[in-house]
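*Asks:* Right, I'll just put the structure down here and ask away after.
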Amino acid sequence: MMATPLLELKSVTKTFGGLTANNQVSFKVQPGEIVGLIGPNGAGKTTLFNVISGYYAPSHGQILFKGKDISGKPPYELAALGIGRTFQVVKPFPGLSVLENVLIASFLRYPKRAQAEEHAWHILEITGLADRAEVSAAGLTLAGRKRLEIGKALALEPSFLLLDEVVAGLNPTEVDLTIELILKVRDQGVTILIVEHIMRVIMQICDRLAVLNYGEKIAEGTPAEISSNPAVIKAYLGETAA
Amino acid sequence: MRSKVITWSVLAVLVLGVVPLFVSDTFVLRILTEAIMWIGLAITFDVLAGYTGYLNFGHGAFFGIGAYTTAIMMVRANWPFTTALLAAALVTAICALVAGIPTLRLRGAYFAIATWALSLAIQQLALILTITGGPDGMRLPPFLDPVYFFYLMLGVVSATFFLLWYLLERAPFGLKLKAIREDELGAQSLGLNPTRLKIQAFVLSAIPTGILGGIYAYWITFIDPASTLSDLVSDQALVMVVFGGMGTLIGPVIGALLIFSFKTIFWAYLSNFQLLYLIILGAVIALSVVFLPNGLWGTIRNRKNRRGGPKKNQESLSRDAEADKKSETKSALAAELKACTQKDGVK
Ligand SMILES: Nc1ncnc2c1ncn2[C@@H]1O[C@H](COP(=O)(O)OP(=O)(O)OP(=O)(O)O)[C@@H](O)[C@H]1O
Ligand SMILES: [Mg+2]
């Protein structure tokens, strides 16, 4: 693990007026890893994703991607650099077909329509959406919309993928399918940072975990270390139960 | 269905193209020329309104800027018409760029207000400047050849239509614009720069509009702020596009033909035309927003595509609800953790 980390957060802080959503968060993600970002509701996980993917500039601190400072760069530039993301509140283009949704993302690497279409079909196959290609994205089930969210991010051919609660809300079969997909993506060399509340998933796929609570990183380590960490248990169960 | 559109359009252009061979009545040619011009103004309005979701109330200003640039170059600098028309295209493009950079950062309604205010400012400017002739307007060297203007208008509008059809319905550009219309924030994570795309669309919509203004000026041989820079140009284009069906290019063509025919007939049979016409325009837009939210063409197209559609939708909705229910009984540990964390009321 001597290589430069793929992603490095250096004391990243994000405030909204008086509210500190991320407080001096630092951690690294090495190439090829799946890192889980966990924490109670409102801990600041989605906000940190928004900072990393360029939707918010950090109030303080730095974000390095492949060793280069990317703090404050807009999302579309980061997409071109290789950062793909999904949204917790899924963002399909509702008036467009599933194929068109993925096609739009495919243009980043394949500016010609014919190649982009070929690529989009390939993504639809991988994500199991090919049979619904012509359906309007608004007509997909919740599971379908989450798959589409992953498909659009994958169509960017990212080297780093941010997944925000792509499993929550799925039934057990769909959960297993999504886990399978995530592992397949990792095996193709994509580094992944994932936010998820479902511990079974986190424990099963993550190499390492970082835990946020009230915007601060309170722990970092392997899933086994984290599940026995007193500070984490306290954060999840609350002051009174601890 | 896409290639059908091209086939029908080519046919329509060909049919129109032979009309002057059989019709020599200047009045008929004049009406047709103006109808074609309105088709051009409607489809260019649709580039922004339908594909990016921004209502540009400065559309008429581009028309006026094209008209005035052509008039000024021809009258004050003695340029020939074609060169003056090129200058009109260039000036309109620059104006769109300059106006677009600040206004296209604004959202929906604010953009509409800003462009409306800008177009009023330009109208005022034309009223007070001497180079524009102030309220008296400008008279251009007369060139009275209805057939020439018919073919010029037909050529420019059909070239514009085919170019827009290619860019918006075939090339990646149109899909990218639609992505921005549907979700500007979400589109950014897919590598799209919304400001840049919107400015490109704005300029693309402005250039043909400026050219149409230039042709109009030379054709009518007289322009003043009231005829080329009033809100009416934008308002009519808006009604044509909304009534015909936004974001389809075909809808605006249909809307332009219907509204323009209506206007022409109305003009012929009613004396206090202006006021009534405006009231009717307002009513048409209100009614089509309420009863035909997709416009005429959008509604027809949806009907055609619907066979078995709604049933499917119902099905997916109920499956959706099922998935949501299932999700509540997902993993026991997660449910437990959620229960623990939800007591502090966040989310
Ligand atoms: N745009 C915003 N403006 C103001 N406050 C915000 C904004 N976005 C998030 N917050 C606040 O920041 C805090 C962190 O929110 P965030 O969505 O990052 O939490 P999270 O860890 O993703 O939670 P969850 O598990 O519920 O998704 C919350 O208190 C939230 O209300
Ligand atoms: Mg979140």
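*Asks:* Dipole of the protein assembly as shown (Lys/Arg Cβ +1, Asp/Glu Cβ -1, origin at the Cα centre): which of B:Phe27, B:Ile220, B:Leu276 lies farthest to the positive side?
*Replies:* B:Phe27
*Asks:* Next question, about the same structure. Where in chain B are the DSSP H helices whose C-alpha atoms run 18 Å or more along the long axis and whose mean Kyte hydropathy is at least 1.0? Don't skip to the end; give the middle numbers.
*Replies:* Details: long enough: B:2-22 (31 Å, 1.71); B:26-51 (36 Å, 1.46); B:59-76 (25 Å, 0.91); B:81-103 (32 Å, 1.99); B:108-128 (31 Å, 1.49); B:146-165 (28 Å, 1.78); B:194-220 (39 Å, 0.90); B:231-244 (19 Å, 1.37); B:250-269 (29 Å, 1.59); B:273-291 (26 Å, 2.54); B:309-328 (29 Å, -2.08).
Flagged H segments are B:2-22, B:26-51, B:81-103, B:108-128, B:146-165, B:231-244, B:250-269, B:273-291.
*Asks:* Kirkwood Rh over alpha-carbon pairs of the protein assembly as shown, then Stokes-Einstein at 25 °C and 0.890 mPa s: what D in µm² s⁻¹, rounded to an integer? Before the final figure, lay out the partial values.
*Replies:* Details: Rh = 26.9 Å.
For these conditions, the coefficient is 91 µm²/s.
*Asks:* Would you work out what percent of the accessible area of the protein assembly as shown, with all protein chains in place, is carbon or sulfur (probe 1.4 Å)? Walk me through the numbers on the way to the answer.
*Replies:* Numbers: 16380 of 26170 Å².
The C+S portion of the solvent-accessible surface of the protein assembly as shown is 63 percent.
*Asks:* Hey, another quick one. Return the residues of region A:158-200 for which accessible area with all protein chains present is lower than in the chain on its own by 30 Å² or more; set the probe to 1.4 Å and exclude ligands, DNA and RNA.
*Replies:* A:Gly169, A:Asn171, A:His197, A:Ile198, A:Met199
*Asks:* Return the value, in Å² to the nearest 100, of accessible area buried between chains A and B (probe 1.4 Å, both sides summed). Mind showing how you got there, number by number?
*Replies:* Working: alone 11120 and 18600 Å², together 26170 Å².
For chain A against chain B, roughly 3600 Å² becomes buried.
*Asks:* Under a point spin-label approximation (7 Å from Cα along Cα-to-Cβ), what is the A:Glu134-A:Gln188 distance to one decimal in nm?
*Replies:* Computed distance between label sites A:Glu134 and A:Gln188 equals 2.6 nm.
*Asks:* Right, something else. Would you kindly state how much longer the chain becomes between B:Ala109 and B:Ser227 on full extension, computed as 0.36 nm times their sequence separation minus their alpha carbon distance, in nm to one decimal? If you can, show how the numbers build up before the last one.
*Replies:* Details: separation 118, 0.36 × 118 = 42.48 nm, distance 2.60 nm.
Taking B:Ala109 through B:Ser227 to full extension adds about 39.9 nm, to one decimal.
*Asks:* Roughly what would the spin-label model give for B:Ile31 and B:Leu275, points 7 Å off Cα along C-beta, in nm?
*Replies:* 2.7 nm
*Asks:* OK, next. Using only C-alpha positions, report the orientation-averaged shadow area of the convex hull of region A:87-128, nm², one decimal. Present the calculation step by step, with values, prior to reporting the outcome.
*Replies:* Numbers: hull surface 13.1 nm².
Quarter of the Cα hull surface area: 3.3 nm².
*Asks:* Modelling each spin label as a point 7 Å along the Cα-to-Cβ direction, I'd like the B:Arg303/B:Leu163 distance in nm, to one decimal.
*Replies:* Going from the B:Arg303 label point to the B:Leu163 one covers 3.5 nm.
*Asks:* Still on this structure, I have one more. In region A:67-101, what residues drop by 50 Å² or more in accessible surface going from the chain by itself to the full protein assembly, probe 1.4 Å?
*Replies:* A:Tyr76, A:Lys91, A:Phe93, A:Leu96
*Asks:* Please report the antiparallel percentage of the DSSP beta bridges confined to the protein assembly as shown, to the nearest 5. Spell out each step's value before the answer.
*Replies:* Numbers: 22 of 38 bridges.
Beta bridges within the protein assembly as shown, antiparallel portion: roughly 60 percent.
*Asks:* Tell me, which residues of region B:186-201 get at least 50 Å² less accessible area when the other protein chains come in, versus the chain alone (1.4 Å probe)?
*Replies:* Buried-area filter returns B:Gln188, B:Ser189, B:Leu190.
*Asks:* Now for a separate question. Using a Förster radius of 30 Å, what is the FRET efficiency between B:Leu97 and B:Ala117 based on their Cβ-Cβ separation? Nearest 0.05, please. Let's see the in-between values first.
*Replies:* Working: r = 18 Å, r/R0 = 0.60.
Efficiency computed from Cβ-Cβ geometry: 0.95.
*Asks:* Turning to a different aspect of this structure: Using the Karplus curve 6.51 cos²θ - 1.76 cosθ + 1.60 with θ = phi - 60°, what ³J(HN,Hα) values do you get for each residue of region A:32-42, in whole Hz, with x for Gly and Pro?
*Replies:* Result, rounded to whole Hz: x, 7, 10, 10, x, 10, 10, x, x, 4, x.
*Asks:* Ratio of region B:2-344's C-alpha Rg to 2.2 N^0.38 Å, to two decimals? Please list the in-between numbers first.
*Replies:* On the way: Rg = 23.6 Å, N = 343, 2.2 N^0.38 = 20.2 Å.
For region B:2-344, the normalised Cα radius of gyration is 1.17.
*Asks:* So if we plug the beta-carbon distance of A:Gln115 and B:Val289 into 1/(1 + (r/R0)^6) with R0 = 30 Å, what FRET efficiency do we get, rounded to 0.05? Spell out each step's value before the answer.
*Replies:* Working: r = 40 Å, r/R0 = 1.33.
Once rounded, the FRET efficiency stands at 0.15.
*Asks:* Helix-only estimate, please: 222 nm mean residue ellipticity of chain A, summing -39500 (n - 2.57) across DSSP H runs of length 4 or more and dividing by its residues, to the nearest 500. All intermediate terms of the calculation are to be shown ahead of the outcome.
*Replies:* Working: 9 runs with 92 residues, N = 242.
Calculated mean residue ellipticity at 222 nm is -11000 deg cm²/dmol.
*Asks:* Also, I was wondering about something else. Compute the orientation-averaged projected area for chain A from the convex hull of its Cα atoms and round it to one decimal in nm².
*Replies:* Working: hull surface 54.4 nm².
Spelled out: convex hull of the Cα atoms, projected over all directions, averaged, 13.6 nm².
*Asks:* Where does helix A:113-126 land angle-wise versus the long Cα axis of chain A, in degrees 0 to 90, nearest 10?
*Replies:* For A:113-126 against chain A, the angle is about 60 degrees.
*Asks:* Nothing charged except the Cβ atoms of Lys and Arg (+1) and of Asp and Glu (-1): what's the magnitude of the dipole of region B:2-344 about its Cα centre? Round to the nearest 20 debye. Could the numbers behind the result be given before it?
*Replies:* On the way: 27 positive and 19 negative charges, 226 e Å.
Rounded to the nearest 20 debye, it is 1080 debye.
*Asks:* I would also like to ask the following. Quick one: net charge of B:Asp224's neighbours, Cβ under 14 Å, K/R +1, D/E -1? Write down the numbers at each step before the final one.
*Replies:* Working: positive: B:Arg139; negative: B:Asp136.
With Lys, Arg at +1 and Asp, Glu at -1, the neighbours total 0.
*Asks:* Probe of 1.4 angstrom, ligands and nucleic acids ignored: what's the accessible area per residue over region B:2-344, in square angstrom? Present the calculation step by step, with values, prior to reporting the outcome.
*Replies:* Values: 16390 Å² over 343 residues.
Ligands and nucleic acids excluded, the result is 48 Å² per residue.
*Asks:* Okay, next question. Just to confirm, what accessible area per residue do you get for chain A at 1.4 Å probe, in whole Å²? Walk me through the numbers on the way to the answer.
*Replies:* Working: 9380 Å² over 242 residues.
On a per-residue basis, 39 Å².
The values are calculated or read from the model by the stated rules, or taken from the named source; none is laboratory data. Worth saying up front: this structure is predicted, and the values here are computed from it rather than measured. Backbone-built Cβ (ideal geometry, glycine too); neighbour counts: all protein chains shown. Ligands, DNA and RNA are excluded from the accessible area calculation, which covers all protein heavy atoms including side chains. Shrake-Rupley method; radii C 1.70, N 1.55, O 1.52, S 1.80 Å.
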